Structure formats: C-alpha cells, structure tokens
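Reading through the structure tokens given below for one structure.
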Amino acid sequence: MDVTFLKSLYDIPGPFASVYLDMRRATEDAPKVIELRWRALHRELAEQGTPAATVEAIERVVAEENIQRESGTLAVFAADGEAVHSEVLPGAPRAELARYAPLPHVKPLLAQRGQPIAYLVATVDRLGGEITCVARGGDRRTIAVKPDEDFPVRKTKAGDMFRQDKQQRAAEEVWRINAKKVAHAMVGAADDCGADIVVLAGDVRARTAVQEELSEPVLSRVVDAGGAGPTLDEEITRAVELKRAEHLTSLVSRFDEQLTKHGRAVEGMKRVTDALRKGQVACLFLEDRPDSSITLWTGPQATDVATSADRLRELGVADPVVDLADAALIRALVGTDGELVLLPPESLRAKSGAGALLRYAD
C-alpha cells in the first residue's frame, strides 16, 4: 500500500487529534444523528485535553460534510488549530473514536481503505462496449466504444441458402471488426490505469471475440463475468477481493523466504525500528490489531523511533515521547518512502506483529 499521500500530514509537529465519525445516512433525521455523534466525540477530545482551536477545526469539517450530505466514515486529523487531512471512506467505521496523541492515528484509515487494486470493467455487445477504469488512487474514467461497422449484426435464419450463408459471414466479420476495436481500447485503458484485473461481461459471442483480440498480458488478467447484468457489481467486488488476497499471500511468501533464506527481512519491534531508522525498509508488514496497546518511543523526526526512550536519547533525541507502535511505525515508513502491508492478526510469527522486507541487508 502506497502511504506517501500522508506525507503532508507529518509536516506539522503535533500533537494530533484523530477522529473517525460514522456519517452514514440511513434515516431522514441523519444530519441530527450525526450531530449527536459528533458531540459525543467532541466531549472525548475535550476530556483528553485537546486545545479548543483544534476541536473547532474538526467541527468545521464535520459541519461541512454534514451539509454536503456525505455518507460513510469521516476521518479527520487536526493539529495546532488546523485540519490537516480529512476524507470520507465508504461504509461504517470499525469503531467511532476520538484520540489526542503525539502522532495521528492513521491505521484505521489505511485499514478501511484496504490494499488498493486497480481494475477495468468492460461490458460488450456485438456493436461495441463500455469500458470503465478505476485506478489505485480511486480515479475513475469511462470510455464508450462505438462500432466501426453496424450492419449486418445478426445472422439471417431463413431464406435463400447462398444469401443466408453470405450474410452470416458478413455478420461474423462485423463482430470481429467491432471486437477488435473494443479490445484495442481495453488494452490502452488497462495500461493507462495499471489494471490488476480486467472484468469482462456482456454478450457471450462478443466476449469470445474480444478475448481473441486481446494482447496476452491483458488476457492473463481477464475475469469472465458472463452476462453479469444486475450482478456485475458483485462480480467486480469478488474479483477485487480475490486479487487482493492473492497479492497479500504473495507478499507474505516473499517475506518468509527472505527471512529464512536470504537475510533481507526482519521481524520484531527492535529489529524493525532499527531498520526504519536506517531507511532500510522497502515494505513494512503490520498486523491489524485494533486493540493493540504496544507502544514505541518517538522524537521530532520521522525516523526517530525506538523501543526505549534511552535508545533515542543515545541517538540525540532530547525529549522522547511515547505513542502507539503502529502510529510510530507508519510515520517512519512514510518518511522513508516505504510500502505498507496490513495483515490479519496472527499472520506473522513475531509476537509484536511487525516485520519488514529490506532494501538491502546489513
């Protein structure tokens, strides 16, 4: 998972208020319900000693999103009287929360975003098709592919045998021409958005004709969704989740292999924090444990992270502060341009639930 979008969040030294607010709109009185939810979180922030200006900055974001009738989970991070980052995520939060701490509590945001998968969906018929591309960042683009030939599209079923045979061949040639145009558009669109999977739905003959024209790299990513229709969204979700699971399995296998055979992986908080301070971490593996109370010590710089305050003092950090381990590890990762992989609990052998693939071994 690319976490570089969080870089600007750490430009402000903190401390930070982190809020996750349920803004789903199940009833007509949703704006009032959302306001009541916010009041409860407002009280929690005040009880934790959050400065009034910082709470007010979050309140402005909540009010604006409520007016715009956004629906989902609102995540807001604020510091020094300014809302530094906010976004609305689809679905409900795993838990509503309000936290004031040295570092922003970003792991719930990243867990709800999930491992991004870019995909292309093509719905085709014998005249052409519609292609939708969704990039890893969420940008969406739709392309309508219109036919170069539109007659004849259907074969004749009766009449003079010679004429019937001729028209059948002509219809098949029209299908092929149109399928070739759709396939060409799909290949270009898949390259543009970096599609990890290509979902193909629509007329059975058109799907077959399109697949015959696709390049091998794109064809290898095709998931045939059949006629789909009303179930297309379900087919897309299933394909994306399967690809996400395959991606995580591949990364964990690579981590295990490097850890046991090649020495370019480490596990456990001490070794992971040592590697982050050196900028060695290419990919951080972190188990998603919502109730974890493991902490680390941090300083003002992104890579000021260690398992003890004394270790940071040895490295020249005058006043180390303690925070949740995942908040400290993710900040260090963002500061060194590494990738993040969030895993289910008990996925790693380390009791700490942390491991890393390294750019280079010591």
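Treating the angle as unsigned and between 0 and 90°, give the value, to the nearest 10°, between the Cα long axis of helix 52-67 and the longest Cα principal axis of the chain. So the inclination is approximately 20 degrees. Among Q211, Q301, Q68, whose mean-square fluctuation peaks in a Gaussian network model of the chain (Cα, cutoff 10 Å)? The residue that fluctuates most here is Q68. Projected onto its three principal axes, the C-alpha set of the chain covers 93, 59, 30 Å, listed from the longest axis down. Sort out for me the Cα centre separation of segment 95-123 from segment 1-56, rounded to whole Å. Cα centres, segment 95-123 to segment 1-56: 14 Å. Taking every protein chain into account, the 1.4 Å probe leaves L342 with about 30 Å² of accessible area, to the nearest ten. Note on A135/I177: beta-carbon distance plugged into 1/(1 + (r/R0)^6) with R0 of 41 Å gives a FRET efficiency of 0.90. Plugging the Kirkwood radius over Cα pairs into Stokes-Einstein for segment 216-326, at a temperature of 37 °C and a viscosity of 0.692 mPa s, what D comes out in µm²/s? Once the numbers are plugged in, D ends up at 187 µm²/s. Which of K107/K261; K146/K243; K7/K270; K7/K107; K243/K351; K107/K243 have a Cα-Cα distance over 26 Å? Cα-Cα > 26 Å for K107/K261; K146/K243; K243/K351; rest within.
The C-alpha atoms of the chain define a longest principal axis, and helix 30-47 lies at about 30 degrees to it. For the chain, C283 stand unpaired, since no other cysteine beta carbon lies under 4.7 Å from theirs. The charge dipole of the chain, taken about its Cα centre with unit charges on the Cβ atoms of Lys, Arg (+1), Asp and Glu (-1) only, comes to about 760 debye.
Ordered from highest to lowest accessible area with the whole protein assembly present and a 1.4 Å probe, K261, K32, K107 read as K261, K32, K107. Among L110, L36, L21, which one shows the highest mean-square fluctuation when the chain is modelled as a Gaussian network with alpha-carbon springs under 10 Å? Looking only at L110, L36, L21, the biggest GNM fluctuation is shown by L36. Close amide H pairs (under 5 Å, H built 1.01 Å from N) link S308 with W297, residues at least 5 positions away or on another chain. Mind checking the angle between helix 204-213 and the chain's longest principal axis? C-alpha axes, 0 to 90 degrees, to the nearest 10. The two axes meet at around 80 degrees.
A Gaussian network model of the chain, with springs between Cα atoms under 10 Å, assigns the largest mean-square fluctuation among T132, T27, T50 to T27.
Relative to the compact-globule scaling 2.2 N^0.38 Å, provide the ratio for the alpha-carbon radius of gyration of segment 83-142.
Working: Rg = 17.4 Å, N = 60, 2.2 N^0.38 = 10.4 Å.
Output field value: 1.67.
Loop-resident GluC sites (Glu not before Pro) (DSSP state other than H, G, I, E or B) in segment 256-362 with no more than 14 further Cβ atoms inside 10 Å of their Cβ: E346. Computed with a 1.4 Å probe on the full set of protein chains, the accessible area for W297 sits at about 80 Å². Relative contact order, whole percent, for segment 181-335 stands at 15, derived from Cα pairs under 8 Å and 6 or more residues apart. Label-to-label distance for V88 and E64 is 1.3 nm, based on points extended 7 Å past Cα in the beta-carbon direction.
The values are calculated or read from the model by the stated rules, or taken from the named source; none is laboratory data. No experiment lies behind these values; they were computed from the predicted model shown. Virtual Cβ from ideal backbone geometry, glycine too; neighbours counted across all protein chains shown. Just so you know, the surface numbers come from the protein's heavy atoms only, side chains and all, with ligands and any DNA or RNA stripped out. Shrake-Rupley method; radii C 1.70, N 1.55, O 1.52, S 1.80 Å.
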